[in-house]
Structures are given as C-alpha cells and as structure tokens.
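Colleague: One structure, pasted below without further comment.
What follows is calculated from the coordinates using simple rules that are stated; it is not laboratory data. Since this is a predicted model, take the numbers as computed values, not measurements. Cβ placement follows ideal geometry from the backbone for every residue including glycine, while neighbour counts extend to all protein chains displayed.
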Ligand SMILES: [Zn+2]
C-alpha cells in the first residue's frame with residue numbers, strides 16, 4: 001500500500017527517543033532532581049522544570065488510558081488501514097503516549113487493560129513508530145513501510161497504443177489535445193533520495209537536506225525535494241500517452257520550451273505524472289512534437305513540475 005503519511009522529524013531534543021526506537025529500545029526522559037518521568041521529549045522536566053533530564057530505557061508496558069476508533073481517515077494523509085484504534089497509553093512510569101493499538105479485536109479493547117509496545121517500521125530509512133497491543137498478543141514488530149507501487153501501466157490493462165507514421169500529417173495533428181493522459185505509476189520521494197540528489201548535484205541547501213532547520217525556519221514545515229530532482233524522476237513515471245510514432249530514423253530530446261516548479265514536493269511524498277501533446281510542427285530540422293508533462297504530488301491539484309518537452313523526429 002502506498003502512502004503520503006507524514007513522518008516524524010527528529011529534533012536535537014527528540015532524536016534519542018527516535019534513535020532508541022530504531023534500535024528496539026524505548027527511551028524516555030527521567031528527572032534527576034525530582035525523580036519523575038517526562039514525555040514527550042523536551043528540554044526541561046515537566047514537573048519541576050529542572051534541566052537535569054536524562055533518557056532512560058523503559059519496558060514500554062503500561063495500561064490503556066483511553067481510546068477511540070476512527071472508521072474513516074482523520075485526515076487524507078492518514079488514510080488506511082481503517083478502522084484505526086487511536087489510543088492514549090499510560091506507561092508504568094506515569095507518562096501518557098498518543099498512539100494506535102494493533103492486533104486487537106474491538107471487543108478485546110478495554111480501558112485499563114495491560115498493553116505492551118509494538119515497533120512499527122514506517123519508512124525505508126528505518127523510522128519506527130511506537131504502537132501498542134495487548135500483553136497477551138504475540139506481536140512485537142510490524143512492517144508498515146509503504147511499498148513502491150509497481151509499474152503496471154504498460155501491460156496490466158493492455159492499453160491501445162495507436163501507431164502513427166511520421167509521414168501522416170493528419171494523424172500527427174490529431175494527437176494534439178487539451179486533455180491529459182491517465183496518471184502514471186506512483187513513486188515515493190523520501191529524504192534519502194533527496195540527500196542522494198543533493199550529494200550528486202552539490203545543491204545541499206538546508207531546505208532540502210536539514211529537516212530540523214527546515215521545520216523551524218522553512219516555509220513548508222519540513223524539507224522539500226529539489227525541483228530538478230522531481231523533474232528528472234519523470235523517467236521513472238511511465239505515462240501512457242496512447243500512441244507510438246513510427247517511421248523515423250532519429251528521435252532526439254531537444255530540451256524544454258517551458259519548465260516551471262509551481263508547488264513543492266515535501267520529503268515523503270508520493271508523486272505521479274500525466275501528459276498531453278501540446279503541438280506538432282514541421283520544420284526544416286524535422287517534426288517537432290511538444291509534450292507537456294506534469295508531475296503532481298498524489299492528491300494535489302496543482303502540479304509540482306510543468307515541463308513542455310520538445311521531441312524532434314527526423
Ligand atoms: Zn523534575
């Protein structure tokens with residue numbers, strides 16, 4: 001299943017908690033001054049405001065403080081799988097954790113029941129969320145990493161591909177359309193991919209590569225992909241335009257007539273693409289076809305990339 005679920009962005013204060021989860025350990029803050037526990041991670045003890053707080057490992061066992069069952073997505077980004085049991089668990093140290101319950105039938109869930117932690121791996125970078133289940137349930141780990149949807153456009157529905165001879169002017173002109181093709185396959189743009197592109201291109205501006213700073217200072221509440229990265233990913237987005245031009249000796253990518261990045265692609269987004277033929281013109285060089293390719297974040301009306309590609313057939 002694919003997903004646009006927002007991912008946690010560790011800060012310097014919360015990083016030990018998230019790193020602990022990756023290593024299979026639950027670390028919460030203990031105050032050396034008043035001996036009480038604090039959660040979520042913060043700079044000061046939530047009881048006495050002392051800064052002498054220290055992460056310590058706990059078992060993660062506790063009791064169910066309260067819960068509700070969401071049968072429809074609470075936000076589009078959090079869709080699937082429904083229903084979701086949203087819960088507050090009180091750990092044995094007294095702190096309360098917002099979480100979801102897994103592996104329990106609705107009739108088994110009861111306020112005050114004993115619960116234990118479940119590590120839910122949610123991202124290919126190893127990010128783990130802390131979920132819970134009943135102490136009697138045989139469940140310690142789940143894999144919720146979104147799967148890259150497989151490219152199925154080419155064969156699944158066996159779409160009709162029109163063969164258009166380059167010499168057939170009327171058929172070429174009939175390709176020009178205001179209407180876009182169906183959507184391509186989807187692709188996940190994660191922080192790891194953005195970091196790789198930053199390294200390759202040398203563009204490691206913090207808005208792309210520094211999640212903490214981008215969250216605090218950036219206009220988008222987190223990091224975003226480079227426009228150029230999203231643009232080149234069109235090679236991985238298989239758009240079925242429904243035709244194939246035949247009878248040419250050479251085909252070249254002649255560049256772009258228009259390239260725009262109208263809206264950002266936040267790290268962790270799924271993207272997809274669609275296209276249309278904007279124009280077909282004969283010139284001395286050959287036959288020039290302008291293909292408008294638009295890449296969108298899945299579910300977003302506004303494109304993230306508009307690229308009017310010039311393809312030259314000779
Ligand atoms: Zn304290």
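Colleague: How far is helix 191-201 tilted off the main Cα axis of the chain, in degrees rounded to 10, range 0 to 90?
Modeller: 50 degrees
Colleague: When the Debye formula is applied to the Cα atoms of the chain, each taken as the same point scatterer, what base-10 log of I(q)/I(0) results at q = 0.12 Å⁻¹?
Modeller: Scattering profile of the chain, log10 relative to I(0): -0.91.
Colleague: Ok, one more. Determine the relative contact order of the chain: mean sequence separation of Cα pairs under 8 Å and six or more apart, normalised by residue count, in whole percent. Working shown, then result.
Modeller: On the way: 661 pairs, mean separation 42.8, N = 314.
Reported relative contact order: 14 percent.
Colleague: Now for a different question. Give the calculated FRET efficiency between residue 109 and residue 42 to the nearest 0.05, with a Förster radius of 41 Å applied to their Cβ-Cβ distance. Write down the numbers at each step before the final one.
Modeller: Details: r = 30 Å, r/R0 = 0.73.
According to the calculation, E is roughly 0.85.
Colleague: To continue, here is another question. Indicate, rounded to the nearest 5 percent, the antiparallel portion of the DSSP beta bridges found entirely in the chain. Don't skip to the end; give the middle numbers.
Modeller: Working: 62 of 71 bridges.
Taking every DSSP beta bridge with both residues in the chain, the antiparallel ones total about 85 percent.
Colleague: Nearest-5 percent of antiparallel DSSP beta bridges in the range 15-143?
Modeller: Numbers: 31 of 35 bridges.
For the range 15-143, the DSSP antiparallel bridge percentage is about 90.
Colleague: I would also like to ask the following. Return the calculated 222 nm mean residue ellipticity for the chain, to the nearest 500 deg cm²/dmol, obtained by summing -39500 (n - 2.57) across DSSP H runs with n ≥ 4 and dividing by the residue count. Working shown, then result.
Modeller: Working: 6 runs with 41 residues, N = 314.
That comes out to -3000 deg cm²/dmol.
Colleague: Please compute the length gained on full extension between residue 79 and residue 141, using 0.36 nm multiplied by the number of residues separating them and subtracting their Cα-Cα distance. Each step should come with its number before you reach the end.
Modeller: Numbers: separation 62, 0.36 × 62 = 22.32 nm, distance 2.08 nm.
Stretched fully, the residue 79-residue 141 segment lengthens by 20.2 nm.
Colleague: Continuing with the same structure: Do you know the relative contact order of the range 162-313, to the nearest whole percent, from alpha carbon pairs under 8 angstrom that are 6+ apart?
Modeller: Working: 321 pairs, mean separation 44.1, N = 152.
About 29 percent, as a whole number.
Colleague: Calculate, in nm to one decimal, what residue 33 and residue 12 gain on full extension: separation in residues at 0.36 nm each, minus their alpha carbon distance. Write out the running numbers ahead of the final one.
Modeller: Values: separation 21, 0.36 × 21 = 7.56 nm, distance 2.20 nm.
Using 0.36 nm per residue and subtracting the Cα-Cα distance, I get 5.4 nm.
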